[in-house]
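**Q** My questions all concern the structure below.
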Protein chains: 2
Amino acid sequence: MSTVRSAVKIDRDERAPPRERILAVAADLFYRNGIRGVGVEAIAEAAGTNKMTLYRHFDSKDDLVAEYLRRLASQANSAWDRRATRFPDDPRAQLRAWLTEMVEHIGATDDRGCALANAAVELPEPGHPARRVVEEFKTAQRERLIALCAAAGLNEPDMLADELFLLLEGARVTAQCMGRERLGDRLVRMGETMISAHEPKKR
Amino acid sequence: MSTVRSAVKIDRDERAPPRERILAVAADLFYRNGIRGVGVEAIAEAAGTNKMTLYRHFDSKDDLVAEYLRRLASQANSAWDRRATRFPDDPRAQLRAWLTEMVEHIGATDDRGCALANAAVELPEPGHPARRVVEEFKTAQRERLIALCAAAGLNEPDMLADELFLLLEGARVTAQCMGRERLGDRLVRMGETMISAHEPKKR
DNA sequence: ACATATAGATACTGACCGGTAACACCCATG
DNA sequence: CATGGGTGTTACCGGTCAGTATCTATATGT
């Protein structure tokens, strides 16, 4: 039940402004050790600064947490956009790319599941600012997936989207509770089976 | 970022021995507020006893946490056994019963996901005693599900079991991040679609 | 009635938490 | 050269944390 009170100073972008260094380091430590398991002092220290500067940029630890999650959410949105521009007018390819990218995340040995979902688990307080961020993110994620399934001309796009969404969400949370040997291939197979089950009838 | 430091005394089985009262109350508080969010003092108080007695029965808070999770795991195993005796020699019915019971849990407004999975998220420390409990539980759960799918004569029982397992795991973790309106019916439909997709060919 | 074991009560330890105050510093702009 | 904003440093605050020592009370079995 120990908390992280000192962390190795992280050397990314020594020249970056403190706010960015703090956010970068906080993302690392929050994800790896859990939000409640990291003290603000450890974050400041690892970012090569101190608590006072941290509190000049963030009103509170909760504020820092919310910003940490907001950044992750926006990165995920960028990933969607990136896939959209890489495979323009090919929603099916975007869907496949999303699936394989998610599977890669899950297969990584240092993956600890979805940081947003973890935050919701760690911070049950109903009014916590982090919870709003997570809620909006997950809802938007699902919407994008539904839209993609629909654009791909698949049957019952909302059902398929939920199947895929929940499958991968479950895989991410399960991967940190059990071994993940050969999980990747199996996941891709499951996902593609689901997709082809919603293939409109040829005629 | 506040922790629970005083809780309403819970009146279940005033006569029960302190160890049981402590475990009952700990289960409640750990689940609702998160493990790291509950102090041992609050548990002892809510159980109508005090910290000293708690520490006479448990070596440490981590020990109490591990026992809390072990009890949950054994309750889940009992549920499997109960379904087996209720529908003897009918694995298909046991599967359906498992699905609907899980969906009921997920639909409950006070559901906060799988307590075991939440514990794994909250306690990232690799050697934490709780992690072994969670790992063994999830593995056993998956094995039982595979065995059931196989006994039901379904195709590729391990793939189907994983699909169902991950679908529900994902649903439990997602339900606390988003709204769950009409999620229940959809889940049952998805599960049954998956099952029938593995139906052996009629001949 | 006595011995023993279990439980309750209170107070304490040392450590860590999130957050703040006061002050010295550096470096750019005027 | 002056001035002022962002930064670093140190010390501190009240509060909570897990865990322990000590002593009293109660119940049980003989």
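**Q** For the stretch A:61-83, how many residues meet the condition of being open to solvent by 40 Å² or more (accessible area, probe 1.4 Å) and either in contact with a helix residue (DSSP H, G or I) (Cβ under 8 Å, 6 or more places away or on another chain) or within 16 Å of DNA strand D (Cβ to nearest atom) (or both)? If you could, list the steps in order and put the result at the bottom.
**A** The initial filter retains those residues of the stretch A:61-83 that are open to solvent by 40 Å² or more (accessible area, probe 1.4 Å), namely A:63, A:70-72, A:74-75, A:77-78, A:81-82.
Still in the list and also either in contact with a helix residue (DSSP H, G or I) (Cβ under 8 Å, 6 or more places away or on another chain) or within 16 Å of DNA strand D (Cβ to nearest atom) (or both): A:63, A:70-72, A:77.
Going through the stretch A:61-83 one residue at a time, the tally reaches 5.
**Q** Please pick out the residue among B:Asn50, B:Asn33 that is more than 14 Å from chain A (Cβ to nearest Cβ) and either within 12 Å of DNA strand D (Cβ to nearest atom) or at pLDDT 95 or above (or both). Outline the logic, then answer.
**A** Details: B:Asn33 fails: more than 14 Å from chain A (Cβ to nearest Cβ).
Unique residue meeting the criteria: B:Asn50.
**Q** For B:Arg131, indicate whether it is in a helix (DSSP H, G or I), closer than 26 Å to A:Ile195 by Cα and open to solvent by 20 Å² or more (accessible area, probe 1.4 Å). Walk me through how you get there before you give the answer.
**A** Values: in a helix (DSSP H, G or I): yes; closer than 26 Å to A:Ile195 by Cα: no; open to solvent by 20 Å² or more (accessible area, probe 1.4 Å): yes.
No; evaluated as a whole, the condition is false for this residue.
**Q** For residues that are in contact with a Cys (Cβ under 9 Å, 6 or more places away or on another chain) and β-branched (Val, Ile, Thr), tally how many sit in the stretch A:132-179.
**A** So the answer is 3.
**Q** OK, next. Looking at the stretch B:83-128, which of the residues that are of a type in the set (Lys, Arg) and under 14 Å from B:Leu148 (Cβ atoms) is nearest to the other protein chains (Cβ to nearest Cβ)?
**A** Checking each candidate, the answer is B:Arg96.
**Q** Does at least one position in the stretch B:161-169 carry a residue that is at pLDDT 90 or above, at the interface with chain A (Cβ under 10 Å from one of its Cβ atoms) and open to solvent by 30 Å² or more (accessible area, probe 1.4 Å)?
**A** no
**Q** Of the numbered conditions (1) in a helix (DSSP H, G or I); (2) out of contact with any strand residue (DSSP E or B) (no Cβ under 7 Å at 6 or more places or on another chain); (3) more than 9 Å from DNA strand D (Cβ to nearest atom); (4) touching a residue at least 24 places away in the same chain (Cβ under 8 Å), A:Arg21 satisfies every one except a single condition; which is it?
**A** (3)
The values are calculated or read from the model by the stated rules, or taken from the named source; none is laboratory data. These numbers come from a predicted model, not from an experiment. Ideal geometry is used to build each Cβ from the backbone, glycine not excepted, and the neighbour counts take in all protein chains shown. Side chains included, ligands, DNA and RNA excluded: accessible areas come from the protein's heavy atoms. Shrake-Rupley method; radii C 1.70, N 1.55, O 1.52, S 1.80 Å.
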